[in-house]
Amino acid sequence: MDAPLSDLQCAEDTTSQMEVDEKSSVSQVDVDSGIENMEVEEGDRKDRNRTFSSSTEVTEEHVVSGVIRVLGVSWLQRAEGVFFLPETAAAYRAALEEGAYSLDVQTAKNGEFGARSRLYQEPVLFIPLYQDLVSQALMEVLALFKRGENPMTDIAPVLPCPAVGNLDSPGVSPTPASPVVTLPHEPLLVPALQQPQDAYTLSLSYLVNCYSRVTVEERNHPKVWRSSIPPLSDILSDIRAQCVQFSALILQGVMFDDQPPHETPLLGLLLNTQQQQLPRGFLPELVARTYANNDAFHKVDRSVAKSQLLNMNSDRNETYKERKGGGVWGNMLKSMIPLCSGKLEHRSRLPCSSIYPTAPVLEVFSPLLQGLFFTMHSASIIGNKHREPIQSLSELLDIRCGPSGNIRPICQLLTHQVQFLPDTVTLAVGRELARTSFLGPFLSVSVFAEDEPKVAEKFFSGNTASDKSLNQTLRQELENTRILLHKVFHDILVNGSSREATLSYLAMLLRNNEKRAQIHIDERSVAGDGFMLNLLSVMQMLAIKVKLDKVDMFYPFHPSSTIDIKNETRLKFTSQEVATWVDELSRSKTHKWREPKFPTQCWFLTLHLHHTSLLPACQKYQRRLRALRDLQKLVRAPFFYTMVDEMQATEAQWKEMHFAARNKELIKHWKQQIKKLTRSKACADAGLLDENLLRRSLQFYTSVAEFLLAALAIPGAGSPSSLPLPGEGPPIFSALPEWYVEDIAEFLLFALQFCPSVVADSVEDSLVTWLLVGVCSPHYFRNPYLIAKIIEVLFVVNPGIQPRTEQLHARIMAHPISETQLPSCLMKFYTDVETTGSSSEFYDKFTIRYHISLILKGMWDNPVHRQAIVNESKSGKQFVKFINMLMNDTTFLLDESLESLKRIHEVQELMADTDTWTQTPRDQQQIRQRQLTADERQCRSYLTLAKETVDMFHYLTVDIKEPFLRPELVDRLAAMLNFNLQQLCGPKCKNLKVRNPEKYGWEPRRLLSQLADIYLHLDCNGFAAALAGDERSFKRELFEDAAARMERALIKTSTQIDQFRILALKASEIAIQNIKREVDYSDAPDEFRAVELRERIEAWKREKKKAAASM
């Protein structure tokens, strides 16, 4: 009597946690139920009917027990552990009495089954009966939920049994008992929450549990279901399908009269906020069946809609009706029509087309997408609350269906959400889009303090050591988030019907955040750094597979381009020249504008996003560091003190003054600012100094370098034969924006400073080639500042500046262009760079020349490059101009440096005299102290630059002499050397003595040694004559004093000192002769003076020949 329930007692009523754990890896191809299992052709049924007999016989007892276990209800009799459905039971008995089953009525009433029934005799009729039975049971349970009852609250969990018995047919060897899949117990329905659940939530939860238990049933009883030959195994597939179909009806609001909840019950299951997750395969099947049934849901006729509900399994029902003439099941199902009355006629009347989501998809999944949108608004990286919504959205968008499996309905639906391309209502459009667009909250996951202040408070205490340990964790979390976001955008873009809308959205974000690239912006009007860097990472991952040969180089000038460069400064052209050139292209018969393809659009959007996201974030980071340094001054390594400490140390002097209260407020304010800036920097370290982000950026900028080389028609490897480039650059290159070039240099400088390993390990040859081609082609750029930036990159790569780039520096110096073209181009730019377009160009030129000096100094140590420099010195006027400019800079820099040292010495002496200093008025003290600070800063800068220019003179004069001895140079050079020697060794040299000279980089002994070496390197009669001709500074006593100082301080060897004295003696003798000659010719007519001049020229020529012969 209790046979059917005996299996029930050994079947766990669970939702299969194992299935839940697999949800995240769901595949559209691997759905257990199969989307099309309900549709069975008549020919297939006949074939199956003929082969239904098997060596393993399954009785109706096993089938019914399994269905009861899956549904958690019974229509046979009341029993513990299941809920009895009276209406389904009455309909079932009526069907038995009508002969729908082979069981005798009395046996069925007693809950017993015959050994064999029409399960084997007529399976084509048997299967639809059980499918209708499942429909009746599900609808009755949903009716109970509708009336406010919860039929599942009193059901007790039932433990699984080890195996299903009595399945072996006579004469067949017993089959070993199949192992049972034991899963963690989960109640049939969601456990009672603190707030009451509505019928929608309870109903959906019940259906989801039934769907889960289908898989548990298949695993626990494989002999019943998986060993059976279809169509018997289709019963479980049909249960799945009906659970999904009823779930779709519930989510559309068709099943119940009352209004659906504000938040779709599917959201809680998707995000696992109700201690229950969606089983594997449920969501893909829900999407697929909802999308496939669009015809049924687009009918606006109410009766047709009801008819479709009655005939969810239309093929099987029609088969049964044809054979049995309708009957009990039809009448029973019609009794359930009130469940959906009055709802379908209110459904949206949307056009069914391939470019607009179907009505069922819209009604079922739009609330779900909206729920994810609003959930993400309140999510934060704190507590990892952002993970589930992004992961869930990614899973939804990845669901594919359709005949070829290439339709993504949710992608199509997402682009039709009202927030996808929202209308803006404020002037701060960039910031507004980041908040109100559908994908905005998903892209807004951030660790920057400006975007998420709680991150600074939660993770960063201000302790540098502990803060660094958290950076890697936060960076990894950000990277995982960005990978998910890339998958989201990839799925939307790969779907044809949603691609254009998504590209329009990206273009809108770019266009409304262009102000981020400006120097002065209102940050409240644009999106934050976190949002923009996430968007940039997504585009980098999309663009990484784009081949450059697929990119249309003319796209920035295309009439339908989504990027705007109209107001940008160009590399060479003026705005009028650009307009003329583009007009000529449009009218040209040889040039045709190509239709923009996705690779082109993606690559240029990524390029412009770097300009509006990464570079502004880097500049902001550097401004933050400068602000922090203004408050936190470095006194001596490794100790620091701040203005706060300085003011507190002198508190005794001002605490009784009238401004004491103000000072205390300043101290408090500065402490708060230091704390805030320190935490903000720690957040920025985690968000910006991410090696993954910087490495992707470097890889993309490498492709930009290849793009620029292609515009110049230069191969990526580069070769000296292609240089120098022709006088006029290609129009397409000249018309490009300046920042295409500048951004590469700016990024490399930032990365070399803050993350040098990324550049040192990942720079490719094409990027090196571009840097060298840029330096060697200054005539292709209107703004010399661009060349200066590239030169600064080569300067920073020098191991003397950045030790971690030694191998990269060696690669650059070994490049063929470096060995042949670079030295002469650097010297030419050294002489030409007088203007950079900046307001500080007078001082900028010294910085640029300092960079060139160090680069040339590094090249001088290489024999190949040294020979190139020597060859350049013999080539003509270019080297002479270089030496002339070098002398000008040395004269100016040394003069300014030494004058600053004199003023510093004066103030230090005054402050050392305590009595005099205390008698000095307060305002005069402050003026002196401010002047001292300015002089110290200027002295450090000028001495740094001056040392390099003197160094260049020092090493160049070792192997190169002739250009320095030319008449147009030698007199000025001698005068400069004599004047500076007088400053170092003359009677006023004590005025250069300062406290802590190393603080300013002041090394008088080293400077004296270098000056002496230059004298010795150029030692010849012509140079001695030039020394003697300097009437302002040359004195033999000065040279004797310098020799004595060098001898006393062991600066030079005795041999060198003797040679130095001999040179001074020779110059002194020539000076005496000059004086005598001047006396002798003082009264001579002019024509005799002309003869003297000719003699001197002839004498210089003879000396030149002798010097050349000796060399």
Relative contact order for the range 885-1083 using alpha-carbon pairs under 8 Å, separation at least 6, rounded to a whole percent? 24
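Give me the percent of the accessible area of the range 672-783 that comes from carbon and sulfur atoms, probe 1.4 Å, all protein chains in place. Write down the numbers at each step before the final one.
On the way: 1760 of 3450 Å².
On the range 672-783, the fraction of accessible area on carbon and sulfur atoms equals 51 percent.
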Relative contact order of the range 790-873, pairs being alpha-carbon contacts under 8 Å that are 6 or more residues apart, as %: 34
Gain on full stretching of the segment that runs from Thr914 to Glu968 - 0.36 nm per residue minus C-alpha separation: 14.2 nm
Debye calc, one equal point scatterer per Cα of the range 950-1000, no solvent, log10 I(q)/I(0) at q = 0.17, 0.25 1/Å comes to -0.71, -0.98
Per-selection Rg to Rh, the range 705-875 - Cα, Kirkwood hydrodynamic radius: 0.93
Bin width 10 Å, alpha-carbon pairs only: give the P(r) of the range 378-623 as whole percents, running from 0 to the bin holding the largest distance. 7, 27, 34, 21, 9, 2, 0
With r as the distance between the Cβ atoms of Arg1036 and Arg626 and R0 = 60 Å, compute the FRET efficiency 1/(1 + (r/R0)^6) and round to 0.05. 0.70
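Label the range 818-977 by shape, choosing from rounded, prolate and oblate, from the square roots a ≥ b ≥ c of the eigenvalues of the Cα gyration tensor; if a/c is under 1.5 it is rounded, and otherwise prolate applies when a/b is larger than b/c, oblate when it is not. Present the calculation step by step, with values, prior to reporting the outcome.
Working: a/c = 2.94, a/b = 2.41, b/c = 1.22.
Verdict is prolate for the range 818-977.
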The range 916-998: trypsin sites (Lys or Arg not before Pro) in DSSP coil with no more than 12 other Cβ atoms inside 10 Å: Lys988, Arg995
Express in Å², to the nearest 10, the accessible area of His809 obtained by rolling a 1.4 Å probe over the protein heavy atoms while all chains stay in place. 30
Accessible area of the range 885-1083 with a 1.4 Å probe: how many percent of it is carbon plus sulfur? 50
Evaluated at q = 0.18 Å⁻¹: base-10 log I(q)/I(0), Debye formula over Cα of the range 858-898: -0.64
What base-10 log of the normalised intensity I(q)/I(0) is obtained for the range 885-1083 from the Debye formula, alpha carbons as equal point scatterers, at q = 0.09, 0.12, 0.14 Å⁻¹? -0.40, -0.66, -0.84
So for the range 833-928, what are the equivalent ellipsoid semi-axes in whole Å, largest first, each being the square root of 5 times an eigenvalue of the Cα gyration tensor? 43, 16, 12
Amide H to amide H under 5 Å from Arg570: which residues, 5+ apart in sequence or cross-chain, H placed 1.01 Å off N in plane? Glu738
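Relative to 2.2 N^0.38 Å, what does the C-alpha radius of gyration of the range 371-414 come to as a ratio? Two decimals please. Intermediate results must be reported in sequence, preceding the final value.
Working: Rg = 13.0 Å, N = 44, 2.2 N^0.38 = 9.3 Å.
Working it through for the range 371-414, the quotient is 1.41.
On average, how much accessible surface per residue is there in the range 835-980, in Å², for a 1.4 Å probe, leaving out ligands, DNA and RNA? Don't skip to the end; give the middle numbers.
Details: 6590 Å² over 146 residues.
Value for the range 835-980: 45 Å² per residue.
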What accessible area, in Å² to the nearest ten, does a 1.4 Å probe give for Asp1019? 50
So what is the orientation-averaged projected area of the range 740-836, using the convex hull of its C-alpha atoms, in nm²? 6.0
Can you give the Rg and Dmax of the range 774-815 based on its C-alpha atoms, in angstrom? 11.8, 33
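For each pair in Lys877/Lys1076; Lys550/Lys572; Lys874/Lys988; Lys874/Lys947; Lys664/Lys993, compute the distance between the two Cα atoms and list the pairs where it is over 31 Å. Spell out each step's value before the answer.
Numbers: Lys877/Lys1076 36 Å; Lys550/Lys572 26 Å; Lys874/Lys988 40 Å; Lys874/Lys947 26 Å; Lys664/Lys993 38 Å.
Long pairs (Cα-Cα over 31 Å): Lys877/Lys1076; Lys874/Lys988; Lys664/Lys993.
What length, rounded to one decimal in nm, is gained on full extension from Glu806 through to Ser575, with 0.36 nm per residue of separation minus their alpha-carbon distance?
Numbers: separation 231, 0.36 × 231 = 83.16 nm, distance 4.19 nm.
That pair, Glu806 and Ser575, stretches by 79.0 nm at full extension.
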List the residues whose amide H sits under 5 Å from the amide H of Ser74, counting only those 5 or more places along or on another chain, with H placed 1.01 Å from N in the peptide plane. Phe83, Phe84, Leu85
Just by accessible area at a 1.4 angstrom probe, what is the order of Glu834, Glu1031, Glu452 from largest to smallest? Glu1031, Glu834, Glu452
Provide Rg over Rh for the range 558-601; use the alpha carbon set for both Rg and the Kirkwood Rh (inverse mean inverse pair distance). 0.99
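The values are calculated or read from the model by the stated rules, or taken from the named source; none is laboratory data. The model shown is predicted, which means the values in this text are computed figures rather than measured ones. Here Cβ is always computed from backbone atoms with ideal geometry, including for glycine, and neighbour counts include all displayed protein chains. Side chains are part of the model used for accessible areas, which takes the heavy atoms of the whole protein and leaves out ligands, DNA and RNA. Shrake-Rupley method; radii C 1.70, N 1.55, O 1.52, S 1.80 Å.
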